[in-house]
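Heads up: the structure comes next, in structure tokens.
The values are calculated or read from the model by the stated rules, or taken from the named source; none is laboratory data. The structure presented is a predicted model; accordingly, all values stated were derived computationally and were not measured. FYI the Cβ positions are ideal-geometry reconstructions off the backbone, even for glycines, and counts take in every protein chain you see. With ligands, DNA and RNA removed, areas are computed over all heavy atoms of the protein, side chains included. Shrake-Rupley method; radii C 1.70, N 1.55, O 1.52, S 1.80 Å.
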Amino acid sequence: MRRALTMEETRKTVIVKVFIFMIATTAVPAWSALEDGLINSGLNHRTADLERLVRTIRTLQARGALSGELSDLVDSLDSTSDVSGLRARLLNLLPDVNRQTYHRERRKGFNTKPIQFRSTPNQSAPGNSWGNVLWLDTSQTYQPATNLWLQSWNDTTEQDGVTGFDDFEADTTGYAIGIDRELTQNWSLSLSLGTETTDIDSSIFGEDEVDSHRATVGLNYTRGRHFFGLSWQQSRAETDRLRVLFVPTLSGFRRLSLNSDFVTKRDGAQISYSTYLEPTTSFTVTPFVTASYSQLDTDNYNERGGDTLSLNVDTDTQSQLFATAGVSLSWLKFGETWSFSPSVTAAVEHDFESDVTTTTSRFQGTDARFVTTGHDLTETRWRAAASMSALYRDKASLSLSYETNRKDDYSYEGVILALQVRVD
């Protein structure tokens, strides 16, 4: 026979229920979306993560391995199990893998036009050597062309998922320097280095500060109206993460701040083809296709500041394979000194393979591991760009571009400024 609640126990239960209701309706509005998703299990794929977490907590309780906040958590589950959405809020304890979407979904900017070098009368002179091409032998007559370029960009990325836990906004500023070196009349080599800084805001659930560095090598072949490109890029991102927990206890919710830092490395290769048509002397149509493959590795890391709720997170590896097809339209207003060229680009991109972020972790001081699954985004996105370029004879060019790409629940838009100077 169930024991009747005492007056003091009844008072505590009512206080906890009222407190949770106030939190859910005022301080943390994102939770209401999560609760709605849990009502229909098919709408929220993180339901499986929640079930794993509850089973883990119960297992730890049975083993007597609970301590600190974990004990308070189980007490809260026992006392308020009938309060709608309380278990949903336990997702706050899981690793915040959704901010990793920023690294997985970030794409290279458009580069659809063949590298144009100034033609010189002695390009086809006999006796050319690879030493001369690479500046090792200045006695030959061959004078390969060289472009030096600088680029800066500022962009914003947003993810609006099915729950408040999936939302974030990222602001990025970056710079790059590169050189395009002609090897022969048809072959050219591209080298570049870049760096960027990103602030990722995940609302009340924390933030990331990311410093990224990248190096790119490209080999290009041009024959007539046809352009082929092969490039390889490696990037390294150092993340300083703040994750905020709201821990349900018998006396209310407790806010904890957990800090961690880790490295994300990305290796990627891309092949591309483009050609161009000239309906008129001042109008060019450039269709293009690209195929890209990359691997993303996130190192293991340990959180600090949360006692038993701090996590030890294992290494995670993801792979991607996607293709892009599009067309660029450009116009040229020619002048003796300055020429101007506006252009627009539209493309569709499809992910043939894109692993969802899946993280294995455990609470510090315990040996029970559980899996957290990240947000699964749609496979197809639309990309577009518009730019204006000013060209000074055949010596230099300055361009300003706007780019955007969007999915159902993900969006990117950025502004890119590029300066190119011929130094041969």
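For the range 210-346, the Kirkwood radius over C-alpha pairs fed into Stokes-Einstein at 10 °C and 1.306 mPa s yields D = 81 µm² per second. For the residue pairs Lys108/Lys395; Lys333/Lys407; Lys108/Lys265, alpha carbon separations beyond 24 Å are given by Lys108/Lys395; Lys333/Lys407. Over all other residues within a Cβ to Cβ distance under 13 Å of Leu321, the charged ones net out to -4, with Lys and Arg as +1 and Asp and Glu as -1.
Straightening the chain between Thr337 and Ser257 buys 22.9 nm, computed as 0.36 nm per residue apart minus the Cα-Cα spacing.
For the range 337-401, the solvent-accessible area works out to 49 Å² per residue, with a probe of 1.4 Å and every protein chain left in place. Kindly identify the range 356-424 as rounded, prolate or oblate by the Cα gyration tensor criterion: order the square roots of the eigenvalues as a ≥ b ≥ c, call it rounded if a/c is under 1.5, otherwise compare a/b with b/c, prolate if a/b is larger, else oblate. It is prolate, given that a/c is not under 1.5 and a/b is the larger ratio.
Stokes-Einstein diffusion of the range 299-424 at 20 °C, 1.002 mPa s viscosity, Kirkwood radius from Cα pairs, rounded to a whole number: 113 µm²/s. Here Ser339 sits with roughly 10 square angstrom of accessible surface, probe radius 1.4 Å. When the convex hull of its Cα atoms is viewed from all sides, the range 220-299 shows a mean projected area of 10.0 nm². Converting phi to 3J(HN,Hα) with the Karplus coefficients 6.51, -1.76 and 1.60 and the offset θ = phi - 60°, the range 237-246 yields 10, 9, 10, 10, 10, 10, 10, 9, 10, 10 Hz in sequence order, with x at every glycine or proline.
Just to confirm the filter: which chymotrypsin sites (Phe, Trp or Tyr not before Pro) across the range 290-347 are DSSP coil and have at most 11 other Cβ within 10 angstrom of their Cβ? In loop regions of the range 290-347 (DSSP not H, G, I, E or B), the sparsely surrounded chymotrypsin sites (Phe, Trp or Tyr not before Pro) are Phe334.
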